[in-house]
1. Helix B:294-311 versus the longest principal axis of chain B: what is the Cα-based angle in degrees, 0 to 90, to the nearest 10?
2. Which one of B:201, B:190, B:229 is farthest out on the positive end of the charge dipole of segment B:186-229, using unit charges on Cβ (Lys, Arg +1; Asp, Glu -1) and the Cα centre as origin?
3. Specify the residue with the greatest mean-square fluctuation among B:117, B:47, B:76, computed from a Gaussian network of chain B linking alpha-carbon atoms under 10 Å apart.
4. Rounded to the nearest 500 deg cm²/dmol, what is the calculated helix-only ellipticity per residue at 222 nm for chain A, with -39500 (n - 2.57) per DSSP H run of length n ≥ 4?
5. Separation of segment A:35-68 and segment B:263-339 by C-alpha centroid, Å?
6. Put +1 on the Cβ of each Lys and Arg and -1 on the Cβ of each Asp and Glu in chain A; which of A:217, A:76, A:273 then has its Cα farthest toward the positive end of the dipole?
7. Dividing the alpha-carbon radius of gyration of chain B by 2.2 N^0.38 Å (N being the number of residues), what value is obtained?
8. Between B:170, B:114, B:294, whose Cα lies farthest towards the positive end of the dipole of chain B when Lys and Arg beta carbons carry +1 and Asp and Glu beta carbons carry -1, centred on the Cα centre?
2 protein chains.
Amino acid sequence: MAEGPTITTIAERAGVSIASVSRVLNGLPTRQETVRKVMAAAEELGYVRNAVARSLKSRRTHQVAFAMADVGNPAYLAMLRQIQPVLKAAGYRIVLHSTDAVVADEIDVLHSLGERYVDGLIMSPLRVTGRHLQMLATARAPVVIIGSVPEGTPVDNVRADSRTGVKLAIDHLHALGRRRIGMVNGPPDTVPGAARGAAYIEALEACGLPYDENLVQIGDFYRAEGGRAVAALLDRVPDLDALMCANDLIALGALDVLRAAGRRVPQDVAVVGMDDTDLAAASWPSLTSVSLGSAERGKAAAELLLDRLQHGEREPRVVTVPPRLVVRASTTGEEEGGT
Amino acid sequence: MAEGPTITTIAERAGVSIASVSRVLNGLPTRQETVRKVMAAAEELGYVRNAVARSLKSRRTHQVAFAMADVGNPAYLAMLRQIQPVLKAAGYRIVLHSTDAVVADEIDVLHSLGERYVDGLIMSPLRVTGRHLQMLATARAPVVIIGSVPEGTPVDNVRADSRTGVKLAIDHLHALGRRRIGMVNGPPDTVPGAARGAAYIEALEACGLPYDENLVQIGDFYRAEGGRAVAALLDRVPDLDALMCANDLIALGALDVLRAAGRRVPQDVAVVGMDDTDLAAASWPSLTSVSLGSAERGKAAAELLLDRLQHGEREPRVVTVPPRLVVRASTTGEEEGGT
DNA sequence: CAAAACACCGTAAACGTTTACAGAAATGTG
DNA sequence: CACATTTCTGTAAACGTTTACGGTGTTTTG
């Protein structure tokens, strides 16, 4: 923790100017003799370049921020897992923010871009409000949003297609002969909540199934509340034979409650989750889940950001990642499904 | 992305010197009139303090690095989840590193402390080598290690007590009447692998059970390989009646394989995991698991680091977090344990 | 051998802050 | 009103780099 060596220390020891030291360290053309002296001095002193000073001068921090709604949510984790190596390979460090989906915190993060401690930001907000859009329009560094943002917002955007995702799931359930398909959703004022709710209605109708608002129950996006929502739904609709859950955590809550109620999964009630997190494979019965490509979205977001950092201004781009239905035992596991 | 306003821009507009601007912005005593002018100018220009310049001058970055072995591992995630709010509340940002447990990467992270882009580091290495110790001794910023480090290493240290943890589990299994208790462990050259392996032998003997090396199978710390290890173990020891797994992922692999082999959990084989991750509660049967207090360790590490950052030099401290056995269905779930 | 060309190097300015110091303005005191 | 205090402000230096520019010293050229 002693005062570290600087370029000046090296210059003195090597008997050259700081400019020469800098040149040697950056590989600019220099006399062999000087290179040798500088390298030797740097080596002996254990010199390491000061990133802060370098950033100040170069106006590049080689840091990128990732603002996730919730450190605990496996979907964001899956994104992070892909973002990390892409950015690392390009020489960027990741600064992590957890906003707990609080709008004020997200605005703070956008505002803090003005501090210029990062070169760019990847953000995945749960809600997109007017203030978000306003901040995005004046952001002081490039931003990539994972999630949907209105046309014309000047940021790169990576979208999931939850509409198609829900349709895949409903079609699957319909094909299995299910006709009373309930939905447990998160708050409708969130982007995913709104999209998934609308998609559910649309998909039902595409199958020729009537939409019955009794079939829909709203909670939050977590396991405990998801379970409570399912309990309420079961009470109201005893002949329920399938459940579309707005994410995997809700689906786990559903499994808990169904098991407690003595309903067999999938024989009595088939369950589909969403996000295809690690939990889906870990649960038992394992969970059929709609993968919205969290991993792919993370990767795409990192690549978009890098591209923008390297090539500067250009049209905002939108990448849509197609969903995929991962079928597991909670819909088709007759042989091994059980109480 | 236009050139942002600086202290100089404000000074010009307000008709004062940059020193006055800085004073106002930092709340140092200033004439009311000046405060007003500066605030107004700052407001109009949308000024935000440049964190890089400030860091350079103050020699404080208000950033802390967290180096986790693997972004995908839920145990590290649990730590992160606790570290995050503690540091955030104290005004620190988190820079995330994923070292994939590669020693060279960990050394790199330690080395990069010399760049002074962070004020401190929390690191959780899987192995601690001589090079680690050497780098730790000369680290250019305070470091807190989560995991065990030899006496005398000049860093704060937060330890789990896996020895007691394993003992809790083995005692539990023994009390349930199990006598052929196998162990599936990770590599013995990792710190956790070594500790857990030794603790297993010790705990068996404390119960008066003979140690049989056939009962131990080594793999890695992941699900697939864990499953393979269990399969091998079952082949070799058909009368196995309990399994101590070195972490939850291995235990999930065990559940997969036991189910496929038609062994009932827990009736035929009881299974205990370790780390008590979210997966343990999600699996079915839910997994009895030894909590090594990942969350508590994360919190303790963050607090140690903050304390050190605020109060400077002092004796290195060691905090040990006691383990806790979380009993679930995989050892005692007769009523609902399944095929 | 003088002049031109070149290779290398050092000085100094800049990045955007904070802060020690001294000078100016305002206030208090006799 | 002269002076001593106090309060406020501006100048300049510093943090550790990068880099434009001009000056040496060496080599090439006619």
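1. Tilt of helix B:294-311: around 30 degrees.
2. B:229
3. Comparing B:117, B:47, B:76 in the GNM, the peak value goes to B:47.
4. Working: 14 runs with 156 residues, N = 339.
Rounded to the nearest 500, it is -14000 deg cm²/dmol.
5. Segment A:35-68 and segment B:263-339 have Cα centres separated by 40 Å.
6. Most positive-ward Cα: A:76.
7. Values: Rg = 26.0 Å, N = 339, 2.2 N^0.38 = 20.1 Å.
Its radius of gyration relative to the 2.2 N^0.38 Å reference: 1.29.
8. B:114
A short reminder: the numbers here are calculations on the coordinates, not readings from a lab. Bear in mind that the values here come from a model prediction, so they are computed numbers and not experimental data. Reconstructed Cβ throughout: ideal geometry from the backbone, glycine too, with neighbour counts over all protein chains shown.
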